[in-house]
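Structure, as structure tokens:
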Amino acid sequence: MDYGFVFDGTFNLSWLQQRELVARAVDLGYTSGWAPGGVTSRDGILTAVQWAQAAPSRLTTGTSVTVAPFWTPTSLASQAATAGELTEGRFVLGIGSGSAHEPSAQSAYDLPNRPVISLMRDYLRILRRLLDGHEVTYTGKTMSLRGVRLGFKPPRVPIYVGALGPQMVKLAGELSDGVIPSWSSPEQVAWGKDLAADAARKAGREPSEIKWVGFVRMCIDEDAELARRTFAQSLLRYGLGQPGAPRDRSFRGHFGRMGFDATLRRLEDQRDRGASQDELIHALPTELMSAVGYFGPPEGAPDAFRRLARGLDTAVLRMITTAPGPQKVALALESVQPAFATTAAGVR
């Protein structure tokens, strides 16, 4: 197993602080860094290049994930190919559909309403051929190209897919180099790996070709109650469905598939009756939180990380910090490190 990290925009780190923390992470044994690829945040691809240059030849970097529908396939391929060159072949393009299916996002960004799986299938097929140096003529259900080729050929850039639901997981197994699950229990990862493997075999591929790079979410603080509350607040932002929205989509559907639909329905009912955020945090069951992450003091982090990383090819520390700044980030990096230091020594 390999080990990676994410530095979130909420950490409020300067570029210098990021570079210093990247160097520290590499010294601790982390082998990859995954830059968030939000639409209006700092650019994930440029950030990944910055991190790679902070530890030349020692760190693989990627995006986790770039929201593909906000780019054209050609512009995204050009950016990713350039990153592949600048990192000397140590860049991974992680892509996902984000909120492209939501009417609010379509309105805000003037996006057409396109079937998400068909859209991502077209992106994957076009991106793979462009990044491999081919001239692309393609007609899909959501887009087309005529005689387009990049002006240079980069080192090979793997493409990983941020996938939660069964259709996206199967698509990743069919066409991608890897899967990036999020807020997933080890049992959910095992479920996804079976789906992806079946799709890979049907496409004539070896399931072992598809790598699983999963986030292990952890909030580490000496103040255990503060860690619990901070972790709960983050989970609620993802897990609770918006009033009137379908409960079987996005992260809401993902948590439902893990067996927490009834729990989330109770919390949503409380919210809709006027419960405060503090009341919802108090009502969120520890069982749900512990299934998908860790919250507590540093000494409990290594065992929790090993438990939550089960089944992954690369376990990525996705920190949730109780305060901005480099100190809490360094604490998380250092607290988790014994999890793979002992694994490397053959201790389980």
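The values are calculated or read from the model by the stated rules, or taken from the named source; none is laboratory data. Because the structure is predicted, anything quoted here is derived from the model rather than measured. When we count neighbours, we look across all protein chains shown, and the Cβ atoms used for this are built from the backbone with ideal geometry, even at glycine.
I'm told Gly9 meets every condition in (1) more than 20 Å from Pro154 (Cα to Cα); (2) at pLDDT 95 or above except one. Can you identify the failing condition by its number? With respect to (1) more than 20 Å from Pro154 (Cα to Cα); (2) at pLDDT 95 or above, Gly9 is out only on (2). Taking region 1-90 as the region of interest, the helices (runs of 4 or more DSSP H) fully inside it that hold 2 or more residues being surrounded by 17 or more Cβ atoms within 10 Å (Cβ to Cβ) and among the polar types (S, T, N, Q) are 44-54, 73-86. Taking region 100-139 as the range and being touching a Pro at 6+ places or on another chain (Cβ under 8 Å) and either assigned to a helix (DSSP H, G or I) or among the β-branched types (Val, Ile, Thr) (or both) as the test, the residues that pass are Gln106, Leu119, Asp122, Tyr123, Ile126, Leu127, Leu130, Leu131. Restricted to region 175-188, and to residues that are crowded, with 19+ Cβ neighbours inside 10 Å and in a helix (DSSP H, G or I), which residue is farthest from the chain's Cα centre (by Cα)? Among those residues, the one meeting the criterion is Leu175. Of the helices (runs of 4 or more DSSP H) lying entirely inside region 246-348, the ones with 1 or more residues being surrounded by 16 or more Cβ atoms within 10 Å (Cβ to Cβ) and at pLDDT below 95 are found at 250-255, 326-344. For beta carbons closer than 7 Å, sequence separation of 6+ or different chains, a first residue in region 137-158 that is farther than 21 Å from Gln79 by Cβ and a second that is at pLDDT below 95, the qualifying pairs are Lys141/Pro115.
Looking at region 109-127, is at least one residue of a type in the set (S, T, N, Q), at pLDDT below 95, more than 22 Å from Leu164 (Cβ to Cβ) and surrounded by fewer than 16 Cβ atoms within 10 Å (Cβ to Cβ)? No, region 109-127 contains no residue that is of a type in the set (S, T, N, Q), at pLDDT below 95, more than 22 Å from Leu164 (Cβ to Cβ) and surrounded by fewer than 16 Cβ atoms within 10 Å (Cβ to Cβ).
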